[in-house]
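Engineer: Here it is, the structure in full.
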Amino acid sequence: MKLKQALSRLLALSIILTTLPTTPAHIAIGQDNKEAANDISEEGLRFRLSEGSVKTERPKPAPLAPARPLPERDTQTLLGRLPAIKPEAGDAQDFKFRERSLPPPRAGETIQAAFAPPATDAPPALPKTTAPLELLRYAPEGEVALAPALSLTFSQPMIDIASQEEAAARIPVTLTPQPEGRWRWLDTQTLIFQPEMEGGRMPMATYYTVTIPAGTKSALGNALRKAAAFTFATPPPTLQRSYPGTDSTGAEGQPRDALVFLEFDQRINAARVLEGIKFQPAVKGLRLRLASTEEIAADKSIKELVKESPAGRWLVFRAVDLNGATKDALPPDTDIKIVIPPGTPSAEGPRTTLTEQNISFKTFGALRVTEAGCDGYKHCSPFDQFRITFSNQIDLETIPASKVAITPPIEDVQLSGYGNSLNIQGTKRSNTTYTITLDRSLKDKFGQTLAGDNQLTFKVTTADPRLFATSEALTVLDPAVRRTFNIYSVNYHQVKVRLYKVTPDDWQKFRFYQVARRYQKEHAAGPPPGRLVLDKVIDLKGETDQLIETFIDLSPALTNGYGQVFVQVEPVEEKNAPVRVYASRPDGRIEAWVQATDIGLDAFVDKGGLLAWANSLQDGRPLAGVEIKVVPDNLTSATGANGLARLAFKAATKTDKQTQEALLVARRGDDVAILPQTSHPSYDNDKQGSNWRPADLSESLSWYVFDDRKLYRPGEEVNIKGWIRKVNLTPTGDTELFATAGETVNYILKDTEGNELTKGSVKLNALAGFNLILQLPPTMNLGRASLE
């Protein structure tokens with residue numbers, strides 16, 4: 001009872017205290033606030049506030065009860081209790097695409113209108129005329145090589161404008177014979193017949209007659225007063241290709257069981273054509289038969305020809321002897337002529353050939369030597385090769401050195417063969433007769449061994465005199481060897497040597513002298529350039545027919561081993577010596593401008609200037625401090641540490657006229673090197689622009705031209721389009737229109753032989769473009785034509 005009373009009092013006191021207002025003076029904040037704690041009566045209820053800490057409680061996972069999968073039958077029983085899912089509106093929806101992009105803008109204005117416009121009640125009225133109907137044009141006519149179509153043009157409209165099906169019902173023309181094809185109106189006045197034969201042409205070997213009866217009326221009601229008729233004809237069979245023959249195999253003999261291939265320009269009946277073919281000369285018991293598919297496939301050449309030929313236009317046959325055998329059916333070593341006689345029929349029409357056509361070839365004979373000599377000459381020099389020609393192609397695998405005996409032996413002998421020739425090379429002695437004996441076991445490609453004479457003689461005489469140098473015109477000596485110019489000679493005992501000391505200032509004179517000498521204009525050459533410092537005769541030491549190298553010392557014309565020398569060497573004529581020489585000029589003289597220098601010089605040019613590069617010929621390192629000059633333009637500079645020097649061009653004007661070739665000159669003490677724009681002289685060297693001068697910076701024209709098909713037949717039309725632009729080559733230049741609309745461009749069309757076919761002019765449009773339609777003449781030469 002006392003406990004209950006105590007608890008009741010405590011609860012009431014708590015309620016009272018919670019309803020009273022509290023102030024900081026009545027709250028103790030921790031133990032540090034002792035003054036506040038002392039103000040509270042000892043009998044009152046005390047509170048203490050302190051910082052708390054958050055504690056995260058992690059509940060322990062509840063243990064899982066053991067389980068097992070529900071059987072499928074029980075699962076379906078459980079699911080079967082659920083009510084069926086009813087479809088609702090909005091369950092199925094289309095995929096939502098993003099809005100489409102805007103279409104590209106269209107030029108012009110879109111007009112909503114019917115196409116074609118609605119028909120009027122009546123067709124347009126035809127022009128009234130009372131003139132009689134006439135046939136204006138027709139093609140083809142007479143003998144033609146090919147008839148791709150038949151065309152007729154009347155003077156008046158023949159049909160109303162209608163569909164092709166309706167128009168085709170009115171054909172006022174009769175074609176006899178009528179091949180497979182269809183008639184078609186190109187317009188109301190022109191009618192064509194298009195054959196449906198393979199190749200788009202009318203049958204060959206046929207006479208055609210075209211008639212339009214009198215009284216035929218036009219769409220205007222006017223009649224044809226007189227019947228119109230014309231004829232044309234396609235040719236009978238013409239031989240196009242054949243094999244074998246002298247045109248494809250030369251003089252080489254053919255096997256005696258060779259297959260013969262003939263191709264015509266139209267379809268033929270091979271069996272009927274073969275009935276008329278004859279062999280000449282006639283051989284008793286010899287007959288011809290068509291080759292089998294297996295025989296054609298076994299012959300590589302014939303197989304390829306058949307593969308390339310149109311179906312039905314060829315035949316392949318062979319000869320068969322009296323016993324029915326093909327091996328060696330043709331006579332040996334015989335000129336065979338295959339004759340296709342007049343009257344040979346076609347498979348396309350009734351016309352037969354009017355003239356004889358033939359091919360020929362030769363069958364092989366015994367393997368014999370037909371010719372022996374040295375490059376076409378009966379006499380041989382020690383430097384010529386022996387050539388032996390056989391009647392048939394030899395089997396190269398059967399010609400080892402042991403099969404060819406040579407007496408006396410030839411040093412370093414080499415045997416080589418090609419086709420029906422055997423070549424023998426090696427070092428030979430002059431004034432010696434060589435005997436060559438061929439082993440009888442040598443075989444040709446037909447398996448025959450050598451017959452006839454097998455011992456041949458070759459007489460080697462003294463070689464004709466020769467004098468030459470490895471380099472003429474402008475020559476730079478190798479700095480690693482002596483300052484010498486080397487010449488080579490055979491069977492000369494003396495030469496006259498002249499040395500002229502020259503400088504870069506003599507280059508232009510050398511050019512004129514060089515041109516005059518090259519074109520054998522001695523009267524215009526004048527004296528050689530430079531100052532003569534040596535004129536002497538040098539003895540050439542060496543044996544007969546021995547190639548001798550002679551070193552000509554250039555020191556008299558050099559300064560401290562450097563300089564420019566004009567060298568002139570000519571043979572000293574000897575009594576009773578042959579005049580024939582081998583050299584760059586008829587007189588056998590050698591002439592060269594020779595540089596003894598250590599400077600390697602090169603140059604590159606752009607629109608603004610010239611970039612020169614000097615390097616050492618000894619080791620290739622760049623040379624610094626080399627003075628570079630372009631003469632006679634007086635442009636100068638010096639190379640830097642990298643061996644480069646830049647020379648800026650002076651501004652070119654249209655009035656500038658260059659009368660002298662520019663020359664690049666490099667100097668380093670006594671060492672001088674020159675570099676011309678070209679080492680080959682020409683009459684135009686002083687007229688053409690130089691590589692060492694600025695190019696013309698004026699305006700030029702640039703063309704872009706193309707045609708429609710690239711390949712044409714004579715008589716066809718060529719459609720050509722093009723544009724012209726004006727190109728300003730100055731640094732600030734640009735490409736712009738060449739001219740305003742209405743201006744003209746002239747043109748000339750030439751064939752492959754340079755014949756002028758046509759010429760004219762065409763107007764330019766607003767974009768400086770043009771369009772040409774050229775009619776090619778039917779008689780023009782085949783090949784490449786040029787349009788200028």
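Engineer: What number comes out for accessible area per residue over region 137-222 if the probe is 1.4 Å? Units Å², please. Before the final figure, lay out the partial values.
Structural biologist: On the way: 4360 Å² over 86 residues.
Here the per-residue accessible area is 51 Å².
Engineer: Please compute the length gained on full extension between ALA67 and THR732, using 0.36 nm multiplied by the number of residues separating them and subtracting their Cα-Cα distance.
Structural biologist: On the way: separation 665, 0.36 × 665 = 239.40 nm, distance 9.06 nm.
Full extension of this stretch gives 230.3 nm more.
Engineer: Kindly report the accessible area of region 238-370 per residue (heavy atoms of protein chains, probe 1.4 Å, no ligands, DNA or RNA), in Å².
Structural biologist: Per residue, region 238-370 has 51 Å² of solvent-accessible surface.
Engineer: Turning to a different aspect of this structure: State the percentage of accessible surface on region 411-488 attributable to carbon and sulfur atoms; use a 1.4 Å probe and exclude ligands, DNA and RNA. Mind showing how you got there, number by number?
Structural biologist: Numbers: 1770 of 4000 Å².
It is 44 percent, rounded to a whole number.
Engineer: Another question about this same structure. Output needed for region 152-262: three equivalent-ellipsoid semi-axes, defined as square roots of 5 times the C-alpha gyration tensor eigenvalues, in descending order, whole Å. Present the calculation step by step, with values, prior to reporting the outcome.
Structural biologist: Details: eigenvalues 448, 44, 21 Å².
Equivalent ellipsoid of region 152-262: 47, 15, 10 Å, largest first.
Engineer: OK, next. Over region 237-396, what is the relative contact order in percent, taking alpha-carbon pairs closer than 8 angstrom and at least six residues apart? Please list the in-between numbers first.
Structural biologist: Values: 299 pairs, mean separation 44.5, N = 160.
Rounded, it is 28 percent for region 237-396.
Engineer: First measure r as the distance between the Cβ atoms of THR433 and ILE538, then evaluate 1/(1 + (r/R0)^6) with R0 = 25 Å and state the FRET efficiency to the nearest 0.05.
Structural biologist: Details: r = 35 Å, r/R0 = 1.38.
Computed FRET efficiency for THR433 and ILE538 comes out at 0.15.
Engineer: Given an 8 Å cut-off on Cα distances and at least 6 residues of separation, report the relative contact order of region 734-788 as a percent.
Structural biologist: Normalised by residue count, the contact order of region 734-788 is 41 percent.
Engineer: What aspartates and glutamates does LYS128 reach when the alpha-carbon gap must be under 18 Å and sequence neighbours fewer than 8 apart in one chain are set aside?
Structural biologist: Leaving aside aspartates and glutamates fewer than 8 places away in the same chain, those within reach of LYS128 are ASP160.
The values are calculated or read from the model by the stated rules, or taken from the named source; none is laboratory data. Computed from a prediction, not measured in an experiment: that's the story for all the values here. Glycine gets a Cβ as well: all are built from the backbone with ideal geometry, and neighbour counts include every protein chain shown. Accessible surface areas use protein heavy atoms only, side chains included; no ligands, DNA or RNA. Shrake-Rupley method; radii C 1.70, N 1.55, O 1.52, S 1.80 Å.
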